[in-house]
Each structure stands twice: as C-alpha cells, then as structure tokens.
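All remarks here apply to the structure that follows.
We did not get these values from a lab; they are worked out from the coordinates using the rules stated. This is a predicted model, so every value here is computed, not measured. Positions of Cβ are backbone-derived with ideal geometry, glycine not excepted, and every protein chain shown enters the neighbour counts.
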Amino acid sequence: MVTQTLHVVFGAGPLGLATARALCRRGHRVRIVRRSAATETPPGCEVARADLNDASAVREVTQGAAVVYQCAQPPYHRWTTQFAALQAAIIQGVADTGAKLIVAENLYMYGAVQGPIREDLPAQAHTRKGRVRARLAEQVAKAHQSGLLRTAAARGSNFFGPGVRHSTLGDGVFLPALQGKPAQVIGRLDRPHSYTYIEDFGEAMAILGERDEALGRHWHVPTAPAVTQRELIGMIYHELGAEPQLRAMGRLMMMAGALFLRDAREMLEMLYEFEQPFVVDSARFERAFQVAPTPLHEAIRHTIAWYRANQGAARAVAV
C-alpha cells in the first residue's frame, strides 16, 4: 500500500533507480526527477522533468516532499566545472521546502589512504575530482551545521550491479564474460579492492532518509569484504561455469589511451584506487542500522541475470 509521504529522487541513473526501488519497497510515494524523458522506472513511481541547476525548479518539483535524495551528477568529464553549482542549486531549492536531503557521495575526497577507509579520516584528496568531491561534501555538511536544512550523506565505493554499465565493473567485465571473452580491468590484479553493490547503496539511501539519528553525518554504505580483482573476476566466471579470462590495463597503457580517449584521460588520475589496497570500512553503518552488505556471490548472480536479460540493449565493447 502506497503511503501519502512523498520521497523525491534526483537522477535516474543506476543509483537513483536503486534508491527508488528501495523506497517503493517501503510503500512510499516516489517521484524520480531527471532532465530528459525516463527510459526505465520502477513500477508505481512518478517521473518529473526539471533542470536541477535552477533552484526555483528544484523548489517546485520537491514541494510537499518529506525527503529528497540527491543522486544526480553532471557528466564525469564536467565535474570540475558543473558539479558544485548543481549541488548548490539543489541545496538552496530543497532548503525552501523543509525536506531532508540525503546525498550520495563516493570516496574520492579521502585521497590515497594507507589502511582501511573509515568515516573519521580527513579529506586529503590529491586529484581534481577528489577535490571536487571534498568541496561537495563540505557544502552538505555546512548546510546542516548552519541550520539551513537537515542532511546526511551516503558514501560508496566503485559500484556494480543491475543497470550499472559505465563503471570499472560494468560492460567491460560482464559483457565479455557472457560472450566467453576476456574481462577488461584496470590497474593491478592482486590488490584488495572494495566494491559496493548498487542495491545496497540504494537501500542505504532509503535508511538514512528514514532515520533522524543519521542526520548531520556521513556514512559508508554497507560494502562486502574486499577481494582482489583476480578473485572477483574468478567469481564471475565461476558463476557462468567458465574458466576466468581477463585483460588488465596498467598505468602505461592508460596513459597512452589518455592521449586519444576522453574516458581513459578522466580515469587516469583515479588509477591509484586500483594500484594499491582500497579497502572500505562500513562497520559503523552496519552496527547503527543492523544491516549487512549483500554477499558478493549473490550480488554477482543478480548482476549476471540483469545482463542476460538486457544484452540487446547494452552497448557492444571492444575486446
């Protein structure tokens, strides 16, 4: 049964849709806001179109909302020029409605960390996009501290899962694996790395929207124990009943690709995440809200099922 409580999700990418699914499971009235026409929405969700760079448009589309979930972002290569203004407009617009604002973040602001990545670590970003993320997180924290609006932030690692195509664990891994070809990865194969399952991220966003004790803090999304890329690719091929095959792009190859390919150029500065241990500690969230991450083998099984059902729509990748 749908409640009368309105929850508004900004962005219809994989995380926005995962958040909407989690909210629908709770029986909320859910509105997904994006700039263009939606191609996929969970059953029962409303869809609205708005320019989220315009605070007045944000205010209009969130009137009457109890909680707003910020999952929208500019194209990856435009983060440094567009992201701060986008989020400032969202904060201003939502502040005028009285709704809570739950913001999706990643881990770029911490920079290169020795040891587990915990919430109490300082922001020491050394990359352009990491510094952008640090400024965005500061925007959210200041909005709450000043009393402008009530906020909380959910921080996840590199994510994967149903609908997550354009990531380091997306089309370049699952499509080749399904085709009996080598999976494409970047960086080193034998360093532990934490991956966040997209459905766990969406569930975490919904939980933070429900729990007032979460406000005023940032939280690491429940994330399964870190494994190496070699181990993870092995798990994927095992689920497919095939022998693992993989092809890794190291720094030199990424630098060469960056001369011609925008995506490689944008990813190059973040390659450190895949060259050294990148281990997320999400114990604080798990203890506070009594939830656990989806086991990796189960998350992989659901992701493969999604790719099997959507191979025709997914783009082909060069292997």
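Cα axis of helix 79-95 to longest principal axis of the chain: angle in degrees, 0 to 90, nearest 10?
30 degrees
Compute the FRET efficiency between residue 237 and residue 126 as 1/(1 + (r/R0)^6), taking r as their Cβ-Cβ distance and R0 = 45 Å, and round to the nearest 0.05.
The computed FRET efficiency comes out at 0.85.
Of all trypsin sites (Lys or Arg not before Pro) in the range 194-245, which ones are in loop regions per DSSP and have a Cβ with at most 16 other Cβ atoms within 10 Å?
Of the trypsin sites (Lys or Arg not before Pro), the ones in loops of the range 194-245 whose Cβ has at most 16 other Cβ atoms within 10 Å are 211, 217.
Taking residue 100 as the anchor, which aspartates and glutamates have their alpha carbon closer than 16 Å to its alpha carbon, excluding any fewer than eight residues away along the same chain?
Reachable aspartates and glutamates: 60, 210, 212, 213.
Rank the residues 51, 190 as a footprinting-exposure proxy: fewest other Cβ atoms within 10 Å of their Cβ go first.
Going from least to most buried by this count: 190, 51.
If amide H atoms are built 1.01 Å from N in the plane of the peptide, which residues on other chains or at least 5 residues away come under 5 Å of the amide H of residue 67?
8, 100
Is the chain rounded, prolate or oblate when judged by the Cα gyration tensor, a ≥ b ≥ c being the square roots of its eigenvalues, rounded requiring a/c under 1.5 and prolate requiring a/b larger than b/c?
Verdict is prolate for the chain.
Specify the angular offset, from 0 to 90 degrees and rounded to the nearest 10, of the alpha carbon long axis of helix 229-239 from the longest principal axis of the alpha carbons in the chain.
The helix 229-239 is inclined about 90 degrees to the chain.
Calculate the length of the line joining the C-alpha centroid of the range 15-90 to that of the range 174-201, in whole Å.
Between the Cα centre of the range 15-90 and that of the range 174-201, the gap is 28 Å.
Does anyone have the angle between helix 296-310 and the longest principal axis of the chain? Alpha-carbon axes, 0 to 90°, nearest 10?
Orientation of helix 296-310: about 90 degrees from the principal axis.
Tell me which GluC sites (Glu not before Pro) from the range 1-83 have a DSSP coil assignment and no more than 14 other beta carbons within 10 Å of their own.
Filter output for the range 1-83: 40.
Once you have a ≥ b ≥ c as the square roots of the Cα gyration tensor eigenvalues for the range 121-166, tell me rounded if a/c is under 1.5, and otherwise prolate or oblate according to whether a/b is larger than b/c.
On the way: a/c = 2.77, a/b = 1.46, b/c = 1.90.
Oblate is the answer for the range 121-166, as a/c is 1.5 or above yet b/c matches or exceeds a/b.
When a footprinting reagent is the concern and you count Cβ atoms within 10 Å, what order do 195, 237 take, fewest first?
237, 195
Of 29, 284, how do they rank once you tally other Cβ atoms within 10 Å and put the fewest first? Mind showing how you got there, number by number?
Values: 29 19, 284 15.
With the fewest neighbours first, 29, 284 line up as 284, 29.
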